[in-house]
Amino acid sequence: MSDTAAAPKPQSGLNTWLDHHLYSFVSSLGRVFRRPWATALTIGVMAVALALPLGLWLVLDNVSRLSGSVQQSREISVFLQLDTAPERMQALADTVGGREDVAAVELRTPEQGLEELRTRGGLGDAIDSLEDNPLPGVLVVVPAADDAQLAQALQALPEAELVQHDTAWRERLDEWLRFAGRVAWVLAALLGLGALLVVGNTVRLDIQSRREEIGVLQLLGATDGFIKRPFLYLGAWYGLAAGVLALALLGAAGLALQVPLAELAATYGSGFALRGFDPLRVLVVLATAGALGWLGAAVVTGHYLRQTRPTEA
């Protein structure tokens, strides 16, 4: 076999590009661990900036879940007269359920209401002392369309004693949730900008410490992308670590609030518990945090290289 055949093949441009990305990926992680205190400070500040809007979104999600689904919040309760016979209650439920503007109807008999008070209201002794059942039958109606017109129609039923359709407080709650959601977006934008500045300042200091090395690379003809890659990965590591720490802080806060919230909910006969981010949202948070770090490093390194790039004669 000839010497020419035994000679190693030169690497292609793609392989060189991939090798440098891998080198930048590993070397940037090493630089993170070489300066533990500065790294911890940068990650801590970024984590707090990320945790604030994330915590607000988490609170809003749990408040929305506590307030019930949209369908449940639009329920109309029709309290029937006390002397309404059980057969008539069932007939009314069937009649109302056959309307086109009604999605579902549930009949709650006086016996069911009394048993619910016994088991969930803690009024067992008081209920046992009653001779007659003082509770009326209730039709719980879920509207399929315009609930205001349906409430008026249900009020016109001869057996209807009271129609409860409290839409005002639900509309106010929805408005408050929408306003709080907008506040969360504004807060996320402001604190996201703060996170960018933190990463940018940290990367700027790292650039200053490697100024001579960057100058040599520029004189040798290295491209801006070649010089920027280690700093971009450095910013991404900062962002990713800050995202992990922010999620850990929110998890610790959730654990601290879990027991007292469960005790408070139990006094109302509810099993409500705080719910954190699902795996998909966790991945989105980490990806966004890493992208913020990458973007902050890109802005700083791009500005620095534009100022220091040697001009051609």
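The values are calculated or read from the model by the stated rules, or taken from the named source; none is laboratory data. Being a predicted model, the structure only gives us computed values, none of them experimental. We place every Cβ from the backbone using ideal geometry, glycine too, and count neighbours over all the protein chains shown.
Results for (1) in contact with a Leu (Cβ under 8 Å, 6 or more places away or on another chain); (2) outside any strand (DSSP E or B); (3) within 18 Å of Leu295 (Cβ to Cβ), shown as yes or no for each residue.
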residue	(1), (2), (3)
Arg172	no, yes, no
Arg182	no, yes, no
Leu193	no, yes, yes
Arg229	no, yes, yes
Trp237	yes, yes, yes
Ala242	yes, yes, yes
Leu245	no, yes, no
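Kindly evaluate Ala188 against the criterion of being in contact with a Gly (Cβ under 9 Å, 6 or more places away or on another chain), under 19 Å from Leu54 (Cβ atoms) and touching a residue at least 24 places away in the same chain (Cβ under 8 Å). Considered against the rule, which asks whether it is in contact with a Gly (Cβ under 9 Å, 6 or more places away or on another chain), under 19 Å from Leu54 (Cβ atoms) and touching a residue at least 24 places away in the same chain (Cβ under 8 Å), Ala188 comes out as no. Pairing residues of segment 224-243 that are touching a residue at least 60 places away in the same chain (Cβ under 8 Å) with residues that are surrounded by fewer than 24 Cβ atoms within 10 Å (Cβ to Cβ) and outside any helix (DSSP H, G or I), at Cβ distances under 8 Å and at least 6 apart in sequence or on separate chains, gives Asp224/Arg309. Would it be correct to say that Phe277 is modelled with pLDDT under 75 and in the same structural domain as Ile214 (by TED's automatic domain parsing)? No.
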